[in-house]
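Below is one structure, written out as structure tokens, with a few remarks after it.
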Amino acid sequence: MWFKKNRSVIAVSFFSLFLYSVLFFARSFDDNRTASWQDVFTVANPLIVFSILVICIPAAWLLSRLTLMERYPSFFLFSSSFAMAASFWSEPEIIVDASRYFAQAKHLELYGAGFFLREWGRAIAAWTDLPVVPFFYGLIFKVFGESRLYIQIFTTLLFSLSSVLTYWIGKKLWDADTGFYAGLLLLGIPYLYSQVPLMLVDVPAMFFLLLAILSFLTALEKGKALRILLSSAAITLAFYSKYSMWMMLSVLLVLALTCRDSFPELKTSVYLRRVFAILSIAAFLIGTVFVYKFDSMSEQISLLLSYQKPGLRKWGESFVSTFFFQIHPLITLAAGYSVYAACKKRDVRYLGVFWLVALVFLFQIRRIRYIMMVFPMLALMASYGLQRLRQKEIIRFIALSVVAFTFAVGVFAYLPFLQKNSASNLMNAGRHLDLLDVTGAEVFTVSSENSFVNPAVAVPILDLFTKTQIRYNYIGEKPYSAEDLSRSPFRFSWEYKNPKYYTVTKKTNQGRSAVVVISDETGMKLPMEIKQKIAGFGKNVSFVTTDNIYEYQPVVTVYLNAAKDAWQKR
């Protein structure tokens, strides 16, 4: 009798287990560059993940029997997303781009917000980054102290708020159920959890886009001067968070055209005035910043067009990888079905959500990090599709089973893999330095003829993981020709500029000290200069975790002087 009554539940449960098996055996199709299934399961045990999934699916069913989460939707989405993302805080900085954002943020911490705003793009090397997210990171360092934990709390807060904002946008466009399950389905994207703890700009950019969208819709509805100003400010923050955001903000125009009928009480003239006021003020704010930083930003745009845009064709990942492995397949399938459902209903408002996902396919954007900000819109599409089911209990169980699947795969497959890659050497070396009774550390980097990445960019990442004061004198030797470097995916690393705070230090010349050598392979022959520096130092410990996945494999060796005054004598 129970089986007859719960046939849909049993079907969804077995489908989830079947889906995991299919993805595991088809994992060779996943070409994601950060955490592909074929790489992840070289470390993770697939049977353990399957066993956890067998436990999580019934737990999701039990939770789906409760209506508590729908009575307090914002709190449930925020707390559950924060808890899930926080479980990844032990992940190392797996992407070397974090080096740039840390260096920019540290300039603000040490020299103030005025220096940052004035020197960003000049004394502060900006590559193709925009200033908003590093500015917030710098403020966190300035107010709370230079700790990665504070950055992780901040990015996790923005991720959790993104889930809540997705709910509010869906509620405003359609209804509370569509919004709530969209916010829940956003938690069903395993790749997102690998990015939340990192000191990058992608998760904050996703939040700023959602904030711009929601504030835009709210300002159109309410129309008060303060709301219009706040909406324009939110659009400006989003605009200067990431260059790929510029195209994505076109969604505001689509929403302005498609949401007119959502506010029937407004006269068309009033509605258009509000649209014009929001976009005009935003354009003024954006233009003011652009004029102030015209030289820096024009160089960046030139670099994007000549280097990064062509490079996307070489560094991309397949849509199969992105939409079936890194995103739960049910989200993709439900989103696909929603297109048919919206066309059948002739729902014009759906175009505002569909627009961003359509841009990904229209422009063939095949790098998942560049489309993360689109994921909430995909979740809204999927939730819209699920609403076509008649039984609310089944919708709730499907959404929770997607989250349960992601939790099992994320925590028991992705996380062990990420913790055991070579990037952990910098994290472990930084933490080890904090355990030593030293007043400072002098860092040397050694590159081989086969170096893909300039090891100099590892210094800021090491700095992120330690409170020990670092001294580093960069010698800009490039093992490749200018032509080869112009095509390298790690070109930015060879254009590294040593921040002056690594050459001007107060404590590294006093007391007991350490020398840290960062190279990109074990057993490298050290240059004579470094040999002379470590003369009289004993090798304290080496961090030599390697993997066969990432091109850059930092190896870190810490040397500790035996005598207290050894530093001065040298």
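If you go through the stretch 111-128 and keep only what is out of contact with any Pro (no Cβ under 9 Å at 6 or more places or on another chain) and at pLDDT 95 or above, you end up with 111, 112, 113, 114, 115, 118, 119.
How about the stretch 333-368: which of its residues are surrounded by fewer than 19 Cβ atoms within 10 Å (Cβ to Cβ) and closer than 23 Å to residue 13 by Cα? Hits for the stretch 333-368 are 333, 336, 337.
Screening the stretch 103-118 for residues that are touching a helix residue (DSSP H, G or I) at 6+ places or on another chain (Cβ under 7 Å) and of a type outside the set (A, V, I, L, M, F, W, C) and picking the one that is nearest to residue 290 (Cα to Cα) gives 104.
The residue pairs whose first member lies in the stretch 548-570 and is at negative phi, whose second member is surrounded by 20 or more Cβ atoms within 10 Å (Cβ to Cβ) and modelled with pLDDT under 50, and whose beta carbons are closer than 7 Å, counting only pairs six or more residues apart or on different chains, are 561/567.
Whether any residue in the stretch 18-32 is more than 25 Å from residue 197 (Cα to Cα), in contact (Cβ under 8 Å) with a residue 12 or more places away in the chain and β-branched (Val, Ile, Thr) is what I want to check. Scanning the stretch 18-32 turns up no residue that is more than 25 Å from residue 197 (Cα to Cα), in contact (Cβ under 8 Å) with a residue 12 or more places away in the chain and β-branched (Val, Ile, Thr). For residue 356, the test of being in the same structural domain as residue 385 (by TED's automatic domain parsing) and of a type in the set (A, V, I, L, M, F, W, C) is passed.
For the stretch 274-390, please list each of the helices (runs of 4 or more DSSP H) lying entirely inside it that holds at least 2 residues being touching a residue at least 12 places away in the same chain (Cβ under 8 Å), over 24 Å from residue 37 (Cα atoms) and not polar (S, T, N, Q). Even if it seems obvious, please write down each step before you answer.
Working: elements: 294-303, 309-315, 329-345, 350-362, 375-386.
Of the helices (runs of 4 or more DSSP H) lying wholly inside the stretch 274-390, those with at least 2 residues that are touching a residue at least 12 places away in the same chain (Cβ under 8 Å), over 24 Å from residue 37 (Cα atoms) and not polar (S, T, N, Q) span 294-303, 329-345, 350-362, 375-386.
Within the stretch 271-298, the set of residues being loosely packed, with under 11 Cβ neighbours inside 10 Å and among the aliphatic types (A, V, I, L, M) comprises 291 only. Just give me the residues in the stretch 66-109 being farther than 30 Å from residue 176 by Cα and among the β-branched types (Val, Ile, Thr), in sequence order. Within the stretch 66-109, 94, 95, 96 qualify.
Here 157, 62, 139, 108 are screened, and the one residue that is part of a helix (DSSP H, G or I) and within 30 Å of residue 32 (Cα to Cα) is 157. Quick check: is even one residue across the stretch 550-566 modelled with pLDDT of 90 or more and not in a strand (DSSP E or B)? Yes.
Among the residues of the stretch 473-486, not a single one is within 23 Å of residue 423 (Cβ to Cβ), at pLDDT 75 or above and surrounded by 22 or more Cβ atoms within 10 Å (Cβ to Cβ).
A quick yes/no check of all residues on (1) of a type outside the set (Val, Ile, Thr); (2) outside any helix (DSSP H, G or I):
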site: 203; (1), (2): no, no
site: 216; (1), (2): yes, no
site: 241; (1), (2): yes, yes
site: 254; (1), (2): no, no
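Apart from one condition, residue 163 fits all of (1) modelled with pLDDT under 95; (2) in the same structural domain as residue 201 (by TED's automatic domain parsing); (3) not charged (D, E, K, R); the exception is (1).
When 99, 64, 81 are checked against the criterion of being of a type outside the set (A, V, I, L, M, F, W, C), in contact with a Phe, Trp or Tyr (Cβ under 9 Å, 6 or more places away or on another chain), at pLDDT 95 or above and under 29 Å from residue 21 (Cβ atoms), a single residue qualifies: 81.
The values are calculated or read from the model by the stated rules, or taken from the named source; none is laboratory data. What you see is a predicted model; the values in this text were computed from it and never measured. Backbone-built Cβ (ideal geometry, glycine too); neighbour counts: all protein chains shown.
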